[in-house]
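The values are calculated or read from the model by the stated rules, or taken from the named source; none is laboratory data. Everything numeric here is computed off the predicted structure, so don't read it as measured data. Every residue, glycine among them, receives a Cβ derived from its backbone with ideal geometry; neighbour counts consider all protein chains shown. Quick note on the areas: whole protein, heavy atoms, side chains included, nothing else; ligands and nucleic acids left out. Shrake-Rupley method; radii C 1.70, N 1.55, O 1.52, S 1.80 Å.
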Number of protein chains: 2
Amino acid sequence: MTKARKAILKTLENVEEPISASELAKRLGDFCDPATVYRNLHYLEKNNLATSFILHCSEHGTERYYSSKEGNEHHHWFHCEQCHRFIDLGGCFYAEQVRQFEEKHAFTVHDHTFYLTGICQRCKQKLGL
Amino acid sequence: MTKARKAILKTLENVEEPISASELAKRLGDFCDPATVYRNLHYLEKNNLATSFILHCSEHGTERYYSSKEGNEHHHWFHCEQCHRFIDLGGCFYAEQVRQFEEKHAFTVHDHTFYLTGICQRCKQKLGL
DNA sequence: CAATATTTGCAAGTCATTTGCAAATAAAAG
DNA sequence: CTTTTATTTGCAAATGACTTGCAAATATTG
């Protein structure tokens, strides 16, 4: 494991929300090149040390968000369109459903994506909603 | 409604799978400019005539896929990583669950995304899996 | 420590999507 | 059905996330 790899993985582990590659690159600053961040995120995901999903938001555009896989439990998230933070919806609750779909359609599922977007409690209050 | 708008909506209605903006632009050919396709897809989505989600696949990269909203029932999809077709998983089955999340976390959900990726039955056979 | 394999930084691509602007078309007004 | 006003379009240039070629730097092997 190279030092860039370690630093990226450590950052993923220390952060409590999914984080985008560009945000990660920003946090690592001169520690390593953005290209290295992208390459290592692919490496980590391929080696089952991280997972990601793509999400579009008005402020950051379309980006891929990464989380470490240390907890080993797949989580799903709510994304606030106002403050752009993520709220953890808890461990994955789709394993059984996915299995049923596999049975019904005879396909093999490699991955599933689920997330919610909207406005969080705090932002609703701020906006008087 | 302009003629470009009508043509795009009609194409969305005639196609049975979600279709990407670039594929739509290709099908419309010289009928209108790609920029017009993008602008009108935004228009249609804003006016509740279409929905979309973002998905990454090895062959087409990261793209947004659109469906008309005529049937008025929100559908979810499986995407085959081999033949790159979509399989309809049926009408949305998350309304109740989303409501429970809203209650539990006191946020307001504007949208939810769910899809599966993997290998379809036909491709499994072709590949001898 | 030498030999080999992998990773990195840098700079230059890619590619979906967006945007400015002037011309063309649609909708509203008369 | 013209005129006026508002919206949309095509074109070309820009944006921004992400990728890639290549030679130098760092890891890993023996």
Among residues of segment A:30-60 being of a type in the set (A, V, I, L, M, F, W, C) and near DNA strand C (Cβ under 9 Å from one of its atoms), the residue nearest to residue B:113 (Cα to Cα) is A:37
Practice problem: Inspect all residues belonging to segment B:13-29 and state whether any of them is assigned by TED's automatic domain parsing to the domain that holds residue B:114, within 16 Å of DNA strand C (Cβ to nearest atom) and farther than 21 Å from residue A:97 by Cβ. | Solution: no
Only one of (1) within 9 Å of another protein chain (Cβ to nearest Cβ); (2) within 28 Å of residue B:58 (Cα to Cα) does not apply to residue B:85, and that is (1)
message = Among the residues that make up segment B:3-16, is at least one of them within 15 Å of DNA strand D (Cβ to nearest atom) and out of contact with any helix residue (DSSP H, G or I) (no Cβ under 9 Å at 6 or more places or on another chain)?
response = yes
All-but-one check, residue A:54 against (1) hydrophobic (A, V, I, L, M, F, W, C); (2) under 29 Å from residue B:42 (Cβ atoms); (3) assigned by TED's automatic domain parsing to the domain that holds residue A:117; (4) open to solvent by less than 40 Å² (accessible area, probe 1.4 Å), failing number (3)
Does at least one position in segment B:66-77 carry a residue that is within 22 Å of residue A:52 (Cα to Cα) and open to solvent by 20 Å² or more (accessible area, probe 1.4 Å)?
yes
Result of the Cβ filter at 7 Å on segment B:91-110, keeping first residues that are within 9 Å of chain A (Cβ to nearest Cβ) and open to solvent by 40 Å² or more (accessible area, probe 1.4 Å) and partners that are assigned to a strand (DSSP E or B) and not acidic (Asp, Glu), at least 6 apart or interchain, is B:102/B:108; B:102/B:109; B:105/A:78; B:105/A:87; B:108/A:118; B:108/A:119; B:110/A:117; B:110/A:118
Selection over segment A:8-44 where residues are in a helix (DSSP H, G or I), open to solvent by less than 60 Å² (accessible area, probe 1.4 Å) and either modelled with pLDDT under 95 or of a type outside the set (Val, Ile, Thr) (or both) yields a count of 13
Going through (1) within 16 Å of DNA strand D (Cβ to nearest atom); (2) out of contact with any strand residue (DSSP E or B) (no Cβ under 8 Å at 6 or more places or on another chain); (3) open to solvent by 20 Å² or more (accessible area, probe 1.4 Å) one by one, residue B:121 fails only at (1)
Residues in segment B:17-49 that are more than 14 Å from every other protein chain (Cβ to nearest Cβ), within 13 Å of DNA strand D (Cβ to nearest atom) and basic (Lys, Arg) total 1
If we ask which residues in segment B:55-74 are under 20 Å from residue A:98 (Cα atoms) and either in contact with a strand residue (DSSP E or B) (Cβ under 6 Å, 6 or more places away or on another chain) or within 16 Å of DNA strand D (Cβ to nearest atom) (or both), their number turns out to be 3
query: Is there a residue being out of contact with any Phe, Trp or Tyr (no Cβ under 9 Å at 6 or more places or on another chain) and within 20 Å of residue A:123 (Cβ to Cβ) anywhere in segment B:84-94?
result: no
Of the candidates A:98, A:109, the one satisfying the condition of being in contact with a Gly (Cβ under 7 Å, 6 or more places away or on another chain), closer than 26 Å to residue B:80 by Cβ and aliphatic (A, V, I, L, M) is A:109
